[in-house]
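The values are calculated or read from the model by the stated rules, or taken from the named source; none is laboratory data. These numbers come from a predicted model, not from an experiment. Glycine also receives a Cβ, built like all others from the backbone with ideal geometry; neighbour counts cover every protein chain displayed.
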Amino acid sequence: MGVMTHSGRIRVRPLTKANLSIQITLIGLTLLTIYSFSTFDARNINLFAALGEMLNNFRMLFFEPRLKNTDWAELWHALLVTIGLGFLTTIFGAIIAFFLALLAAQNLAPRWLAQVIRAGTAFVRAVPTVLWVLFFAVSAGLGSVAAVLGMTFHSAGYLIKAYSESFEEIEPGVLEALRASGASWWQTIFQAVLPASASALLSWTFVRFEINFSTAIAMGATAGAGGIGYNMFMASVYYLDLRELGALSYAILLFAMLLEWLATRMKANLGAKG
C-alpha cells in the first residue's frame, strides 16, 4: 500500500498488524455485502416497478406538498411546540454545562475533579437520548416532561465536553498573569475565560440546539411530546399522506435555514464586538 508524495514518488507503507486487520475487515465486509445481495429474497418483486413507485413517492413528497388533515395554524403551532422543546432543553443544558465545564477543564480545576466529571459525562453521552427520555418516563410518564428531562440530561453531557475543551484552549499565559496579579477564581473566569471562549460557546450551543430540534421531532412521535413530530407520525403512519408529509418537511427545512442564518449573524456580530 503506497501514498503519492509531493515529489511524485510513491512511498510504500509497511504492512503492520493494524493495517492488515483493517484490510481483512474491509475485504470481509465486501464479501458479506456481495453474498447478501446475491442471496436476497425479493419475493417476486419487480425491481424496476418498485423503483418507479419509489420515485413517484418522492415526487409527491417534494414536488406536490399540501396540507389536508392539518391546517396552517395547527402546523405553525406544532412547529413552535417543537422549537420550544428544543430551545428549553438547550438553555437548561447550557446553564448546567457551563458551571460543570469550569470544573471539567484541567486548566481551571484540579485534575482529579476534571477526570471524574469527564468520566461521568462520557457515560451520559454514550447512552442515546431516547433511552434517557424513556428512563425519565418511568417516573414522569411519557410526554413533554420526560422529553425535557431526558434531552436536557444528554445536552448537558454533550456541552460539558464541548465547553471544557473550549476553556482549555485559552492561552495559559493569560490565566497565569491574572492569578499572579491576585485575581480570584471567579474574576479569572469572567475577565479571561468567558471573553476568550464566548464565540466557541455560542457555536457549540447553536449546534446543540440544532440537535435538540431534530431530537424533539423524533420525541414528538416516540415519547408523546407533541409538536410537529407527532403530525409527521400521523401523516406517515396513520393516514399515509405523502403530500402532507412533504409540507411538514418543508416547514422544518425553512426553520433550519432560518436558524443557520441567525447563528451566522450572531457569531459575526460577536466577532465584530470582540
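Within the range 165-190, the set of residues being assigned to a helix (DSSP H, G or I) and either surrounded by 14 or more Cβ atoms within 10 Å (Cβ to Cβ) or touching a helix residue (DSSP H, G or I) at 6+ places or on another chain (Cβ under 8 Å) (or both) comprises 165, 166, 167, 168, 174, 175, 178, 179, 187, 188, 189. Residue 91 meets the conditions (1) surrounded by 12 or more Cβ atoms within 10 Å (Cβ to Cβ); (2) of a type outside the set (Lys, Arg); (3) in contact (Cβ under 8 Å) with a residue 40 or more places away in the chain in every case but one. The failed one is (3). Within the range 136-159, not a single residue is touching a residue at least 24 places away in the same chain (Cβ under 8 Å), farther than 30 Å from residue 230 by Cα and among the polar types (S, T, N, Q). Within the range 59-67, the presence of at least one residue that is loosely packed, with under 14 Cβ neighbours inside 10 Å, in contact with a Gly (Cβ under 9 Å, 6 or more places away or on another chain), in contact (Cβ under 8 Å) with a residue 40 or more places away in the chain and assigned to a loop (DSSP other than H, G, I, E, B) is confirmed. The criterion of being assigned by TED's automatic domain parsing to the domain that holds residue 154, of a type in the set (Gly, Ala, Ser), surrounded by 17 or more Cβ atoms within 10 Å (Cβ to Cβ) and in contact with a helix residue (DSSP H, G or I) (Cβ under 7 Å, 6 or more places away or on another chain) holds for residue 218. Pairing residues of the range 177-199 that are closer than 17 Å to residue 101 by Cα with residues that are crowded, with 16+ Cβ neighbours inside 10 Å and polar (S, T, N, Q), at Cβ distances under 7 Å and at least 6 apart in sequence or on separate chains, gives 197/166. Within the range 146-164, the set of residues being within 16 Å of the chain's Cα centre (by Cα), crowded, with 23+ Cβ neighbours inside 10 Å and of a type in the set (A, V, I, L, M, F, W, C) comprises 147, 151, 156, 159, 160. Of the numbered criteria (1) among the hydroxyl-bearing types (Ser, Thr, Tyr); (2) closer than 25 Å to residue 88 by Cα; (3) modelled with pLDDT of 85 or more, the one residue 222 fails is (3). Per the listing 105, 114, 101, 109, the residue uniquely within 25 Å of residue 179 (Cα to Cα), without any contact (Cβ under 8 Å) to a residue 40 or more places away in the chain, in the same structural domain as residue 170 (by TED's automatic domain parsing) and aliphatic (A, V, I, L, M) is 109. The set of residues in the range 26-56 being of a type in the set (Phe, Trp, Tyr) and part of a helix (DSSP H, G or I) consists of 35, 37, 48. For residues in the range 164-188 being within 24 Å of residue 122 (Cβ to Cβ) and of a type outside the set (Gly, Ala, Ser), which is modelled with the lowest pLDDT? Once the filter is applied, the top-ranked residue is 170.
Within the range 62-88, the set of residues being within 11 Å of residue 242 (Cα to Cα) and over 25 Å from the mean Cα position of the chain (by Cα) comprises 63, 64, 65, 66, 67, 68. If you go through the range 101-145 and keep only what is loosely packed, with under 15 Cβ neighbours inside 10 Å, assigned to a helix (DSSP H, G or I) and more than 21 Å from the chain's Cα centre (by Cα), you end up with 111, 112, 113, 115, 116, 138, 139. Here residue 225 meets the list (1) among the hydrophobic types (A, V, I, L, M, F, W, C); (2) touching a Leu at 6+ places or on another chain (Cβ under 8 Å); (3) surrounded by fewer than 22 Cβ atoms within 10 Å (Cβ to Cβ) almost entirely, failing just condition (3).
Hey, does the range 88-95 have a residue that's modelled with pLDDT of 90 or more, among the β-branched types (Val, Ile, Thr), touching a Phe, Trp or Tyr at 6+ places or on another chain (Cβ under 6 Å) and under 25 Å from residue 193 (Cα atoms)? The answer is yes, given that some residue of the range 88-95 is modelled with pLDDT of 90 or more, among the β-branched types (Val, Ile, Thr), touching a Phe, Trp or Tyr at 6+ places or on another chain (Cβ under 6 Å) and under 25 Å from residue 193 (Cα atoms).
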